[in-house]
Amino acid sequence: MKAWRNASKVDHDVLNPRDRFLIGADVWALCRTGRSDPAKFGTVNGNLRGPWFIAANLVHDIAALLKLEMLLWDV
């Protein structure tokens with residue numbers, strides 16, 4: 001795995017996304033408590049952002065924990 005990470009120039013722990021990225025549940029909590037603006041989260045291409053985008057990613061995270069495979073448009 002280390003050789004793959006070095007070849008791909010990945011400089012973070014791929015098994016622990018929280019050390020580099022915000023996960024759906026954390027973003028949901030930040031926005032629900034008013035500590036962050038939902039419009040800050042989403043994608044640049046297509047201007048896909050906001051509460052619905054956060055909720056969809058939360059659903060995908062929960063499905064992954066339940067070992068259910070979803071497509072990006074399954075929300």
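The values are calculated or read from the model by the stated rules, or taken from the named source; none is laboratory data. Quick caveat, the model's predicted, so the values are computed rather than measured. Cβ atoms come from the backbone with ideal geometry, glycine included; neighbour counts cover every protein chain shown.
Yes or no, residue by residue, for (1) surrounded by 10 or more Cβ atoms within 10 Å (Cβ to Cβ); (2) in contact with a Pro (Cβ under 6 Å, 6 or more places away or on another chain); (3) under 27 Å from Trp73 (Cα atoms):
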site: Ala7; (1), (2), (3): no, no, no
site: Asp11; (1), (2), (3): no, no, no
site: Asn16; (1), (2), (3): no, no, yes
site: Asp19; (1), (2), (3): no, no, yes
site: Arg35; (1), (2), (3): no, no, no
site: Gly46; (1), (2), (3): no, no, yes
site: Arg49; (1), (2), (3): yes, no, yes
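Residues that are hydrophobic (A, V, I, L, M, F, W, C) and not in a helix (DSSP H, G or I) were ranked within region 11-65; the one that is nearest to the chain's Cα centre (by Cα) is Ile23. Within region 51-75, the set of residues being among the small types (Gly, Ala, Ser) and either touching a residue at least 60 places away in the same chain (Cβ under 8 Å) or surrounded by 14 or more Cβ atoms within 10 Å (Cβ to Cβ) (or both) comprises Ala55, Ala56. Looking across region 22-57, the residues that are under 22 Å from His12 (Cβ atoms), modelled with pLDDT under 90 and of a type in the set (A, V, I, L, M) come down to Leu22, Ile23, Ala25, Val44.
Under 15 Å from Ile23 (Cβ atoms) and modelled with pLDDT under 90, is that true of Asp61? It is true that Asp61 is under 15 Å from Ile23 (Cβ atoms) and modelled with pLDDT under 90.
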